[in-house]
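Q: Below you'll find the structure I mean.
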Amino acid sequence: MGFGIARHQLVHRINGAFHHDQIAASARRVAHLGHDADAFDIIHGLGLFEFPAGTTLDAYRSGLAIPDLHKAILKQAFQAAVQHKTPLTFAIASGPSEAVQVTTSKTHIHVVLTRTD
């Protein structure tokens, strides 16, 4: 999901913004995005992406080779975190196939996005 910054930096930023002591403030910052915002809109709305000059979120999103089903699952996980102010941790792993795993409890959401690249 990173473009202008290394993945580990993006993951660190996401985890900071969705940490239990920051989730309420982060949720307020992106509340104006509404229920149609996907994970990328939310992350961008929090100022966590750094794109090279001339690159837009739409260009980034359309060029991202994550299966549509996985994007939909990411949207649901990030929307749930924002709507319910539930802390979320995020990780990106490398693996033999594209995957997304979401584990939830009443107090936490954990998302692992596995990429083949």
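Q: Can you list the residues, at least 5 places off or on another chain, whose amide H is less than 5 Å from the amide H of residue 100, using H built in the peptide plane?
A: Those lying under 5 Å, H to H, from residue 100 are 114.
Q: Next question, about the same structure. Could you work out the relative contact order of region 7-115, using alpha carbon pairs under 8 angstrom and six or more residues apart, expressed as a whole percent?
A: Once normalised by length, the contact order is 29 percent.
Q: Which value, in debye to the nearest 20, gives the size of the charge dipole of the chain about its Cα centre, when Lys and Arg are +1 and Asp and Glu are -1 at the Cβ?
A: Charge dipole of the chain: 320 debye, to the nearest 20.
Q: What Kirkwood hydrodynamic radius do you get for region 7-115 when you take the inverse of the mean 1/r over all pairs of distinct Cα atoms, in Å? Please report the intermediate quantities before stating the final value.
A: Values: mean 1/r = 0.0708 Å⁻¹.
Its Kirkwood hydrodynamic radius stands at 14.1 Å.
Q: Kindly write out, for region 92-100 in residue order, the coupling ³J(HN,Hα) from the Karplus curve 6.51 cos²θ - 1.76 cosθ + 1.60 (θ = phi - 60°), rounded to whole Hz, with x marking Gly and Pro.
A: Karplus values, whole Hz, x for Gly and Pro: 10, 10, 9, x, x, 8, 5, 7, 9.
Q: On to the next question. Positive end of the dipole of the chain, charges at C-beta (+1 Lys, Arg; -1 Asp, Glu), about the Cα centre: which of 43, 63, 16 has its Cα farthest in that direction?
A: With unit charges placed on the Cβ atoms, the residue in question is 16.
Q: Over region 46-104, how many percent of alpha carbon pairs lie in each 5 Å bin up to the one with the longest distance?
A: Going from the shortest bin to the longest, the percentages are 4, 13, 21, 25, 21, 13, 3, 0.
Q: What's the magnitude of the charge dipole for region 61-117 around its Cα centre, counting Lys and Arg as +1 and Asp and Glu as -1 at the beta-carbon? Answer in Debye, nearest 20.
A: On the way: 6 positive and 3 negative charges, 52 e Å.
Rounded to the nearest 20 debye, it is 260 debye.
Bear in mind that the values in this text are calculations on the coordinates, not laboratory data. Not measured: the values here are computed from a predicted model. As a convention, Cβ positions derive from the backbone with ideal geometry for all residues, glycine included, and neighbour counts pool all protein chains shown.
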